[in-house]
1. In contact with a Leu (Cβ under 8 Å, 6 or more places away or on another chain) and closer than 30 Å to B:Q233 by Cα: does that describe B:V11?
2. Residues B:D48, B:D14, B:D54: which one is under 23 Å from B:A192 (Cα atoms), at pLDDT below 90 and either acidic (D, E) or touching a helix residue (DSSP H, G or I) at 6+ places or on another chain (Cβ under 6 Å) (or both)?
3. Check whether at least one residue in region B:532-539 is among the β-branched types (V, I, T) and either surrounded by 16 or more Cβ atoms within 10 Å (Cβ to Cβ) or over 14 Å from B:A478 (Cα atoms) (or both), and report yes or no.
4. State whether the residues of region B:28-44 include one that is modelled with pLDDT of 85 or more and over 25 Å from the mean Cα position of the chain (by Cα).
5. Answer yes or no as to whether B:F114 is in a helix (DSSP H, G or I) and over 28 Å from B:N236 (Cα atoms).
6. Go through (1) over 23 Å from A:V102 (Cβ atoms); (2) more than 11 Å from chain B (Cβ to nearest Cβ); (3) crowded, with 23+ Cβ neighbours inside 10 Å and name the single condition A:P160 misses.
7. So which of A:A108, A:A100 ends up being hydrophobic (A, V, I, L, M, F, W, C) and either touching a residue at least 24 places away in the same chain (Cβ under 8 Å) or facing chain B (nearest Cβ under 7 Å) (or both)?
8. Checking the conditions here, which among B:L411, B:L440, B:L407 is within 30 Å of A:L131 (Cβ to Cβ) and assigned to a loop (DSSP other than H, G, I, E, B)?
Amino acid sequence: MNLAIEEVSKRYRGGVLALSRFSLGLKPGVLGLLGPNGAGKTTLMSILATITKATDGRVLWNGIDIARDPDVLRSVLGYLPQDFGVYPNLNAVEFLEYLAAVKGLDAAASRRRIQELLELVNLTDVRKRPLGGFSGGMKQRVGIAQALLNDPQLLIVDEPTAGLDPEERVRFRNLLSDLSGERIVILSTHIVSDVEATATDIAIIEKGTLVAHATPESLLLQVEGRVWECVVSSAELNKAKQEFLISSTTRRSDGVHVRILGDLPPEGARAVAPNLEDAYLYCISHHRAGVRHEACIGTGA
Amino acid sequence: MMRGRVLYQMVRADFLERVRRYSFLLTMAFSLYLGYAVYSGQLVLRLDEYRGVDNSAWLGSVIGLVGSVWLTLIGFYIVKNSIQRDRQTRVGQILAGTPISKGFYTFSKTLSNFAVLAVMVGVLALASVAIQLFHRPSQPINLYALLSPVLIFGLSALVVTAALAILFESLPVLRGGVGNILYVFFWIFLLASGANNIAKGDSNGGLRPFADYTGIDSVMSQMQSQVHKLDPQYNNGASFSIGSLHPTSKTFLWTGLTWTPALVLSRAMLFAVAVALSLLAALFFDRFDPARAGWFKQKQPRIILKAEVRNIALAPSPGSPAAETIADLSRMHSPAPHLTPLLRADLRTASRSSVRLRFIPLVRAEFLLSMRGHAWWWYTVAAGLFIACLASPLDAARSGVIVGAWLWPALIWSQMGTREEQYSTGTLIFSAPRAVPRQLLATYTAGVLVAAITGGGLGLHLLFVRNFEGLAAWAAGAIFIPALALALGVITGSRKFFEALYTAWWYVGPLHHIRNLDFMGTTAASSTSGAFAAAAVLLVLSAYGWRKTKLANA
């Protein structure tokens with residue numbers, strides 16, 4: 001089972017280039033796709049989900065071009081788009097039965113699966129309630145359930161935890177980890193903690209190009225010894241922001257604790273263990289500066 | 001001053017949002033087409049055997065009436081989405097949090113509707129100049145005589161249309177398909193009241209902004225007077241129609257409208273009517289309050305979610321709901337419940353025969369989807385019409401009851417092909433294997449089922465009496481109506497175009513048993529079942545082609 005993205009570009013009407021010669025190879029596991037807003041994540045997801053066609057390049061599922069034969073992938077695809085709707089007059093069971101029919105699933109098997117999925121996403125109690133009365137988070141959980149209806153080999157989830165409360169977010173992260181065994185999961189998000197908890201691979205994308213593709217460990221390793229923490233006063237904070245690349249600030253009784261990314265330690269700073277957010281910011285900032293750093297070379301996981 | 005700037009910005013933003021859409025180009029194209037229809041003789045104004053000499057006054061009056069008559073119908077559906085857009089884009093929620101009053105909002109929306117319609121009138125005015133210059137170069141151009149009827153009748157009629165669209169959008173019961181269908185009847189009623197006066201030739205020239213809101217009565221009555229002077233035998237016959245079976249044989253010199261004070265005041269009063277309608281709309285406008293938005297819908301029981309219980313649980317006692325929620329929390333970190341794996345071979349190598357078999361569940365799902373969301377009385381009326389078709393004398397059932405039975409499900413058919421866009425489910429559906437042909441055909445089949453069931457009383461009746469000609473006409477209707485709905489839905493992405501066209505067509509064709517337009521085959525004389533069956537096939541193929549192309553170019 002493999003998914004190969006080969007030199008894929010996408011140019012929208014009006015000339016906006018959303019993806020530029022993007023290449024990536026994927027095998028079973030969870031790929032966390034990270035990038036700032038407008039980086040091209042959703043465009044890539046749409047192409048992989050056969051919703052949008054690439055302008056150039058190709059995507060191969062087990063060696064077959066999905067632009068030529070999309071049904072080969074569609075029959076094993078689970079897709080949770082960033083924005084989707086539901087039919088307000090149907091309840092959760094009816095809506096999932098409808099989508100199971102659209103996906104061509106056997107009625108008896110899909111009924112059993114729907115019950116299990118509703119339990120999985122914690123909607124069993126409200127399964128007979130019209131979807132029109134669901135909150136945003138509940139609709140999102142219906143979306144997660146529909147993506148898993150056909151036991152997909154390729155699961156694409158675009159900003160899946162948007163609208164979920166913290167408990168449901170944790171639940172979903174656990175679910176993704178459990179599901180990742182024998183399938184390819186692509187998790188697109190800008191929430192680094194979601195990726196940190198689940199991803200076996202990370203791809204960082206900016207302005208439609210691949211900035212990095214590596215395991216979380218190797219990304220962290222590359223930024224090891226480049227993360228510093230110091231305490232500054234509130235008055236000094238602005239100056240620090242201008243001088244250094246800051247990944248986070250925390251206000252405490254002794255002042256503002258600032259995490260700084262850099263090759264050399266600022267005066268009075270101590271080295272701290274990096275986290276994925278530090279690695280992500282480091283890669284993005286170096287990419288923007290045009291610096292091709294070791295940590296951010298697309299070496300493949 | 002400040003309010004003026006706010007009003008300007010609101011109207012401007014709404015106007016720009018609309019004119020920067022591709023659909024706006026279509027509306028402009030429609031305006032141009034109306035001009036072309038006059039030029040090519042598809043829209044004909046005649047007074048028995050007479051028509052005017054092709055001068056600026058005649059051309060201006062004809063195009064002025066085209067604008068005020070047709071744009072009041074089509075224009076309504078073009079602009080009746082102003083508040084809905086704010087609701088869908090959620091801009092409305094932002095506006096609701098500002099100090100803008102409801103009256104101010106509905107008034108600004110009326111103005112932006114009017115601005116869009118005014119552009120259409122402007123295009124029509126330019127078309128009239130072009131026609132005069134290129135088609136009748138021998139006649140000297142008189143811009144006042146040419147443009148004044150176009151601008152005055154067009155703008156004064158359309159300002160009311162703009163306000164009516166806002167009123168319909170503000171009233172929950174008229175916001176959707178019911179309003180779309182009722183407006184056609186309202187428009188027909190207004191036209192008919194003006195037409196009655198024309199036929200009698202008794203226009204009194206007084207203030208009649210409501211009875212003659214398109215202006216057709218005022219124009220025709222002055223034309224009738226001129227023809228009377230020329231031909232005392234003239235019997236006040238007049239028509240303004242699509243096409244003409246018999247060409248006019250005589251011409252008269254139409255010197256242009258006399259803008260009497262009563263006529264000018266009547267047109268000016270329409271602006272006041274529009275302001276009043278927009279303020280009336282404010283009374284019903286829900287200010288994007290979701291609690292009020294669905295007040296007419298079935299009340300849904302509130303279910304306390306476990307997540308909410310978690311938030312209020314402080315000291316749970318054993319066995320209490322709160323304790324249960326804590327157990328829930330611990331489950332949250334436990335492995336996910338077991339999911340029964342589906343057979344991979346079953347998913348990947350589904351044979352063609354199994355796919356065919358699975359088409360039936362999809363049709364069932366589409367049918368259930370289309371039938372959901374109606375109140376009990378909807379089904380009661382449908383059942384009553386079914387029984388009436390079966391129990392009435394055949395002639396009455398075929399020429400009368402079926403016409404009602406197949407108008408009743410219009411709002412079900414109008415959702416065909418638009419549901420995926422309306423509810424943003426397209427990405428979920430079209431990422432499924434062979435989704436485009438399967439789902440489209442299933443939607444269509446469900447639509448045919450709706451027609452077969454709601455009009456089934458007549459179908460059975462015709463079968464019992466072995467009237468196979470009638471049965472063929474009935475079957476053609478049953479496959480044509482959903483095909484029309486599907487094609488219009490897929491191509492326009494909106495349900496309102498089918499609702500408007502179907503209602504108007506229903507009124508002209510089946511209700512009046514007009515041959516070639518009677519898609520229900522309500523009489524043996526008016527029935528053209530073969531043509532409508534062929535049209536159904538073409539429409540379904542067009543829908544398929546359009547959707548496939550659209551998705552391929554996404």
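1. Taking the combined requirement at face value, the residue does not satisfy it.
2. B:D48
3. Looking through region B:532-539, none of the residues is among the β-branched types (V, I, T) and either surrounded by 16 or more Cβ atoms within 10 Å (Cβ to Cβ) or over 14 Å from B:A478 (Cα atoms) (or both).
4. No, region B:28-44 contains no residue that is modelled with pLDDT of 85 or more and over 25 Å from the mean Cα position of the chain (by Cα).
5. Criteria met by B:F114.
6. The number of the failed condition is (1).
7. Being hydrophobic (A, V, I, L, M, F, W, C) and either touching a residue at least 24 places away in the same chain (Cβ under 8 Å) or facing chain B (nearest Cβ under 7 Å) (or both) holds for just one of A:A108, A:A100, which is A:A100.
8. B:L407
The values are calculated or read from the model by the stated rules, or taken from the named source; none is laboratory data. Since the model is a prediction, treat every value here as computed from it, not as a measurement. Neighbour counts are summed over all protein chains in view; Cβ atoms, including those assigned to glycine, are modelled from backbone coordinates with ideal geometry.
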